[in-house]
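K.L.:
Have a look at the structure that comes next, please.
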Amino acid sequence: VPEHVWRINLDVPEEAQQNLSFNSADRWWEQTDLTKLILASNKLQSLSEDVQLLPALTTLDVHDNQLTSLPSALGQLENLQKLDVSHNKLRSLPEELLQLPRLRSLLLQHNELSQLPEGLGQLLTLEELDVSNNQLTAIPSSFALLVNLVRLNLACNQLKELPADLSAMKSLRQLDCTKNYLETVPPKLATMASLEQLYLRKNKLRSLPELPSCKLLKELHAGENQIEVLNAEDLKQLSSLCVLELRDNKIKAVPEEITVLQKLERLDLANNDISRLPYTLGNLPQLKFLALEGNPLRTIRRDLLQKGTQELLKYLRSRIQDDGGGPSEEPVTAMTLPSQAKVNTHAITTLKLLEYSDKQAAEIPQAVFDAVGTNPVTSVNFSRNQLREIPPRLVELKDSVCDVSLGFNRISSLSSELCLLQKLTHLDLRNNVLTALPEEMEALKRLHTINLAFNRFKEFPSVLYHLPALESILLSNNQVGSIDPVRLRGLDRLGTLDLQNNDLLQVPPELGNCESLRTLLLEGNPFRTPRAALLAKGTAAVLEYLRSRIPS
């Protein structure tokens with residue numbers, strides 16, 4: 001560091017010596033002392049003891065250098081609030097550092113520290129401490145004195161246990177212990193009432209920590225451990241949780257009690273040993289992200305997992321069985337018609353879902369529609385039956401229904417009644433025997449997802465070109481021979497077009513102009529170009545290739 005940097009408060013600058021006309025208002029060097037010094041990302045191997053000549057410093061940033069030690073004179077910077085010495089080669093800290101009376105942020109990450117001074121607890125004003133990516137094997141018990149600490153990062157060290165005294169940190173909101181060797185979390189930690197974010201990823205935990213007093217805990221990250229069992233009692237204590245990340249563990253089952261986590265927004269259970277899920281998971285009102293890939297799930301098909309969280313939750317809700325509605329469901333009494341007893345009235349009233357699926361029924365019983373009464377129904381699931389036509393009474397729900405699932409039936413044509421459901425946004429007709437769609441479907445101006453996979457279409461249904469709100473067209477496993485790229489381009493919201501396993505002999509280059517497409521699936525068709533290797537590169541590469549083939 002150039003000598004004059006340390007003396008900037010003391011020496012008169014050169015320009016003042018050359019120009020003597022400075023009046024007192026212009027003499028900036030006499031008005032204020034240096035408060036921030038940033039020496040980051042240089043090649044400093046040491047800092048001079050002359051740092052004590054800058055007593056007004058509030059911020060000293062020397063991160064990303066080659067420092068192996070720090071000057072003891074740092075202890076004289078009584079106004080220092082932030083010290084960043086991260087990304088250096090420090091093996092120890094000077095005792096004098098522990099005398100700084102106003103230090104609020106101490107960043108020591110990415111050094112070579114194998115231990116911390118026992119007196120670190122003297123830094124009572126500390127609010128942020130980062131010692132991640134060092135070689136620490138233990139935490140000094142004096143940490144318990146850091147009662148103002150808000151953020152503590154211990155990630156990427158060699159810690160085998162946490163001291164129970166950490167529980168005295170009553171202000172701590174964020175604790176990161178990622179990538180250590182922790183096998184347990186001390187029960188006393190459960191009393192940290194301010195804790196909001198707890199990171200325990202990449203350790204050796206066999207169970208979730210018990211956190212009964214952590215009423216404010218919003219995020220718990222415990223992926224890449226060896227957790228086998230989710231204890232229902234532990235989940236009940238985490239009522240404020242928004243994020244629960246448990247991927248890459250050995251969890252075999254998810255307890256029904258997971259539904260007590262009413263504020264849950266993200267649930268990551270990928271790469272575990274889960275074979276079945278409680279369908280009530282679909283009822284979590286705030287859930288926006290659910291990851292399940294890499295589990296041996298028997299009840300959920302892989303193609304459904306790839307469709308994203310909302311489709312998955314919808315499926316789970318549709319599978320809540322007649323007896324799965326919970327205690328608020330109407331009891332079956334002698335006054336209840338036998339056929340009506342099979343209707344999940346709880347689902348109608350609380351989920352606005354009319355569900356009669358997986359019954360192998362040739363028609364929907366009248367009692368199912370009668371059970372709706374005056375309740376507004378937004379979702380209808382009549383999938384996995386033996387229906388040969390659209391149930392005529394579906395039109396009774398036209399004022400409210402926006403999601404209709406009729407997949408896995410034997411429907412060969414669509415009646416005009418379906419075209420009266422003008423609030424429809426999702427229509428699932430997969431696995432039927434359809435060969436065409438009626439032109440009257442043009443009235444479904446709000447439709448944004450249609451699933452026609454596994455039917456018998458030989459032509460791309462032309463009415464789809466007239467539905468401006470369409471975002472997803474799923475038409476895989478049919479016999480479609482061609483598409484009209486010019487008319488497709490008119491669907492300016494179309495993000496997903498799935499034409500896998502059809503009879504396309506060529507892909508028109510003009511399809512590359514459909515710039516709204518984010519997912520274009522063309523595998524399993526008999527065309528020669530684009531080749532499979534290009535298709536594997538993804539949608540953007542395919543569209544770019546097609547555009548390059550448009551004759552100029």
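The values are calculated or read from the model by the stated rules, or taken from the named source; none is laboratory data. The model shown is predicted, which means the values in this text are computed figures rather than measured ones. Don't worry about glycine lacking a Cβ; one is built from the backbone with ideal geometry, like all the others, and counts go over all protein chains shown. These area figures cover heavy atoms from the full protein model, side chains too; ligands, DNA and RNA do not enter into them. Shrake-Rupley method; radii C 1.70, N 1.55, O 1.52, S 1.80 Å.
K.L.:
Over 18 Å between Cα atoms, which of 43/89; 215/314; 314/352; 218/252 qualify?
P.N.:
215/314; 218/252
K.L.:
While we're looking at this one, here's another question. For the range 345-548, compute Rg over Rh where Rg is the Cα radius of gyration and Rh is the Kirkwood radius from the inverse mean 1/r over Cα pairs.
P.N.:
Computed over Cα atoms, the ratio is 1.02.
K.L.:
Leaving out ligands, DNA and RNA, what percent of the accessible area of the chain is carbon and sulfur, probe 1.4 Å?
P.N.:
Its accessible area is 47 percent carbon and sulfur atoms.
K.L.:
Over 16 Å, how big is the tail of the calculated P(r) for the range 210-280, in percent of all Cα pairs?
P.N.:
Summing the P(r) tail past 16 Å for the range 210-280 gives 45 percent.
K.L.:
Just to confirm my numbers, what's the Cα centroid distance between the range 269-288 and the range 359-386 in Å?
P.N.:
25 Å
K.L.:
Another one. Distance between the C-alpha centers of the range 392-451 and the range 485-552? Whole Å please.
P.N.:
27 Å
K.L.:
As I understand it, the value is the acute angle between the Cα axis of helix 309-318 and the longest principal axis of the Cα atoms of the chain; what does it come to in degrees, rounded to 10?
P.N.:
It is inclined by approximately 50 degrees.
K.L.:
Could you rank the peptides 33-40, 70-77, 313-320 by their average count of other C-beta atoms within 10 Å per residue, with the highest value first?
P.N.:
Result, highest mean Cβ count within 10 Å first: 313-320, 70-77, 33-40.
K.L.:
Turning to a different aspect of this structure: Once you have all Cα-Cα distances for the chain, histogram them in 20 Å bins from zero and send the whole-percent values.
P.N.:
Result returned by the calculation: 17, 33, 29, 18, 3, 0.
K.L.:
Using the structure shown, select from 236/263; 263/288; 179/263 the pairs with a Cα to Cα distance greater than 20 angstrom.
P.N.:
In this structure, 179/263 exceed 20 Å between Cα atoms.
K.L.:
For the range 501-552, what is the Kirkwood estimate of the hydrodynamic radius, computed as the reciprocal of the mean inverse distance between distinct Cα atoms, to one decimal in Å?
P.N.:
Over the range 501-552, the inverse of the mean reciprocal pair distance is 11.1 Å.
K.L.:
Mind giving me the nanometre distance, one decimal, between the label points for residue 439 and residue 423, set 7 Å out from Cα along Cα→Cβ?
P.N.:
2.9 nm
K.L.:
Could you do me a favour and compute the accessible area per residue for the chain, 1.4 Å probe, result in Å²?
P.N.:
48 Å²
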